[in-house]
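The following block contains the structure, expressed as structure tokens.
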Amino acid sequence: SSGINAEYGVEIPITKKTTNWELHIVFNNAIEGGNFWQGSADFNADKTEVTVTSFDWSSVHEAGSTFVAGFTVTHGHDSEVKIASMTLKVCYLDGGCSECDSQTEPKQCSGAFLQTKKNSKFIKGKIQVMPAENYATFPDMILAFSEPIKKIGVKSKFVKVDCWNEKAFCTISAKKPKALKRNKLFAIPISIFANKKTKPLLVGMKWNGVDVCETKPEPHPEPEPEPEPEPEPEPEPEPEPEPETEPEPEPKPENETGQYSK
């Protein structure tokens, strides 16, 4: 029996730069196996629990980003498998670790991605960004999916797409120079094609190192003008020196007669 594949995802906001993470999952029934693209999996004896430890390339997440992981598990046709609990442990660059319970259902990005059509074979939509500054060309954008896709089509002569890690991730990068203007909408039509018996969702988007999965393209406010420097105070004039007093003339000495000598 080939078993049944079930897809799951996890999504956690990151508050500080991370160095590694560990995801612990408990199932209500035993599973046959799983595919965890961002870490190495260690199952318990009866395969009701698994601990996923981050790979080197997936360990670091910047502050303000969203930790996104998708995975599939395989179970028998005669069993119903659900996640009883899922806990993510994250360790930080400045020391210390924290744990939090994770949501188990993947959620598709609704900020920089606008879905226009969806069926069992593909998802169509537009990637939409509004830069906060001018760019000479399109900065790289990394897409993360809840499970591997079959392929992705990009309708733009200015960008290209490369997928990796069993096509669970794709990078959209510049193919030809295309200037992006500040506060001007830039859109890329895309089509995401699914493998058989899968329903992948676009669950992560990082553009130029910034998480834009839930960031809608809106004009950025004008920067506040820098305050003008206060004028330096004028130096106080130095006081004029007081005039020197002339010395009084010394009296002439008296002669023997008591008269002053001429």
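What's the ranking of 94-101, 138-145 by average number of surrounding C-beta atoms within 10 Å, highest first?
138-145, 94-101
Where the only charges are on Cβ atoms (+1 Lys, Arg; -1 Asp, Glu), what is the dipole of the chain about its Cα centre, to the nearest 20 debye?
Magnitude of the dipole: close to 4500 debye.
Still on this structure, please answer the following. Report the gain in length on full extension from Glu230 to Lys107: 0.36 nm times residue separation, minus Cα-Cα distance, nm rounded to one decimal.
Stretched out fully, the Glu230 to Lys107 stretch lengthens by 39.1 nm.
Next question, about the same structure. Of Pro235, Pro148, Val90, which is farthest towards the positive pole of the chain's charge dipole, taken about the Cα centre with +1 and -1 on the beta-carbons of Lys, Arg and Asp, Glu respectively?
Pro148
Return P(r) of segment 45-89 (all Cα-Cα pairs; 5 Å bins starting at 0; whole %; ordered from short to long distances).
So the P(r) values, bin by bin, are 4, 11, 24, 23, 14, 12, 7, 3, 1.
Here's a follow-up. Can you list, by residue number, the Cys in the chain that have no neighbouring cysteine C-beta under 4.7 Å?
Cysteines lacking a close Cβ partner in the chain: Cys100.
Kindly provide log₁₀ I(q)/I(0) values, in the same order as q = 0.14, 0.23, 0.25 Å⁻¹, from the Debye equation applied to equal alpha-carbon scatterers of segment 127-191.
-0.42, -0.98, -1.09
Under the Kirkwood approximation applied to all pairs of distinct alpha-carbon atoms, what is the hydrodynamic radius of segment 144-232 in Å?
15.9
Related question: Mind scanning Lys107/Lys196; Lys184/Lys206; Lys117/Lys157; Lys175/Lys197; Lys16/Lys107 and naming the pairs with a C-alpha gap bigger than 30 Å?
Exceeds cut-off: Lys175/Lys197.
Now for a different question. Per residue Cα convex hull volume for segment 89-144, in cubic angstrom?
Once divided by residue count, the hull of segment 89-144 is 170 Å³.
Another question, if that's okay. Express in Å², to the nearest 10, the accessible area of Met86 obtained by rolling a 1.4 Å probe over the protein heavy atoms while all chains stay in place.
10
Still on this model: How much accessible surface does Phe122 have with a 1.4 Å probe, in Å² rounded to 10?
So the heavy atoms of Phe122 present about 40 Å² to solvent.
Using the alpha carbon gyration tensor of the chain, what are the three equivalent-ellipsoid semi-axes (square root of 5 times each eigenvalue), largest first, in whole Å?
Each semi-axis is √(5λ); the values are 75, 28, 13 Å.
Which whole number in µm²/s is D for segment 112-262 by Stokes-Einstein, with the Kirkwood Rh taken over Cα pairs at 10 °C and 1.306 mPa s?
Using the Kirkwood radius from Cα pairs, D works out to 76 µm²/s.
Extending each Cα 7 Å along its Cβ direction at Lys216 and Asp94, get the distance between those two points in nm, one decimal.
It is 3.2 nm.
What residues qualify as long-range amide H neighbours of Lys175, i.e. H under 5 Å apart, gap of 5 or more or another chain, H built at 1.01 Å from N?
Residues meeting the amide H criterion: Val159, Lys160.
If you don't mind, there's one more thing I want to ask. If I take every Cα pair under 8 Å that is 6 or more residues apart in segment 140-226, average their sequence separation and divide by the length, what percent do I get for the relative contact order?
38
Next question, about the same structure. Counting only protein heavy atoms, what percent of the accessible surface of segment 1-143 is carbon or sulfur at a 1.4 Å probe?
With neighbouring chains kept in place, the figure for segment 1-143 is 48 percent.
Over the chain, what is the mean sequence separation of C-alpha contacts under 8 Å (at least six apart), divided by residue count, expressed as relative contact order in percent?
19
At a 10 angstrom cut-off on C-beta neighbours, averaged per residue, how do the peptides 223-236, 35-48, 58-71 rank from highest to lowest?
Taking the mean over residues of other Cβ atoms within 10 Å, the ranking is 58-71, 35-48, 223-236.
Leaving out ligands and nucleic acids, and using a 1.4 Å probe, what accessible area per residue does the chain come to in Å²?
Normalised by residue count, the accessible surface of the chain is 65 Å².
The values are calculated or read from the model by the stated rules, or taken from the named source; none is laboratory data. Note that the coordinates shown come from a computational prediction; the quantities given were computed from them, not determined experimentally. Positions of Cβ are backbone-derived with ideal geometry, glycine not excepted, and every protein chain shown enters the neighbour counts. These area figures cover heavy atoms from the full protein model, side chains too; ligands, DNA and RNA do not enter into them. Shrake-Rupley method; radii C 1.70, N 1.55, O 1.52, S 1.80 Å.
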